[in-house]
Amino acid sequence: MPAIDEIDERIVWELCREARLPNKELAERVGIAPSTCLVRVRALQQSGVLRSFHAQPDWASLGLPIEAIVAVRLKAQARAQIKTYAQRVITLPNVLNVFFLGGADDFLIHVACTSTGQLRDFVATELSMDNSVASTQTNIVFDHLIGVEHMQEGSSWSQVREAVAAPPARSSVSGP
């Protein structure tokens, strides 16, 4: 892992919130000179901390109003094919993301489709009929919020890493 400091973390935070942020504004938000900011962003890219910059389209405006998360469980005898299955599925046209999991399901596959009919056909033909698949479960996505985009300015990765506080204990004493 490359060593990154608090300034690098703030740069990554701000770029996660808004990837197209101009360098001058990014530098102002982080509190460094624009030339220093540019050097740091390039170093973060070269080290692999910043792997890429993405656009988050409104899928409905592109004619894909139906999003779903499909949970896929592979057959026990197909466990050796986990990596090849993921590599095959990520290339399918409707697939947006593939999450490899530990637990009851092996994958969550995020898809966008033109209609519920297209979604049904996609799951039935592209996912369920694969010889290595034991089962699928499809869940329609009503809305997709991206956490860091909604964080308040001044939030940070150190806040994300903090332990979650336990809720206060309930009092077992009842009132009069």
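The values are calculated or read from the model by the stated rules, or taken from the named source; none is laboratory data. These figures come from a predicted structure and were not determined experimentally. All Cβ positions, glycine included, derive from the backbone under ideal geometry; neighbour counts span all protein chains shown. Protein only, heavy atoms only, side chains kept; ligands, DNA and RNA dropped before computing areas. Shrake-Rupley method; radii C 1.70, N 1.55, O 1.52, S 1.80 Å.
For this structure, a couple of remarks:
- Nearest-ten-degree value, helix 6-17 long axis tilted from longest Cα axis of the chain: 50 degrees
- Quotient of the Cα radius of gyration of the chain and 2.2 N^0.38 Å, N being its number of residues: 1.37.
- Across the chain, the relative contact order, built from alpha-carbon pairs under 8 Å that are at least six residues apart, equals 24 percent.
- Summary: within the chain, the longest segment free of GluC sites (Glu not before Pro) located in DSSP loops with at most 16 other C-beta atoms within 10 Å is 19-152.
- Order of exposure, largest accessible area first, which applies to 15, 145, 96 with probe 1.4 Å: 145, 96, 15
- Within the accessible area of the chain, the carbon and sulfur atoms contribute 54%, probe 1.4 Å, all protein chains present.
- Computed [θ] at 222 nm, deg cm²/dmol, the chain (DSSP H ≥ 4; -39,500 (n - 2.57); rounded to nearest 500): -8500 deg cm²/dmol
- The stretch 1-63 and the stretch 75-128: distance between their alpha carbon centers, rounded to Å: 30 Å
- Annotation: per residue accessible area for the chain equals 68 Å², rounded to a whole number [probe 1.4 Å, protein chains only].
- Each other residue within a Cβ distance under 12 Å of residue 146 adds +1 if Lys or Arg and -1 if Asp or Glu, for a net charge of -2.
- For the chain, the longest principal axis of the C-alpha atoms and the axis of helix 34-47 are separated by about 40°.
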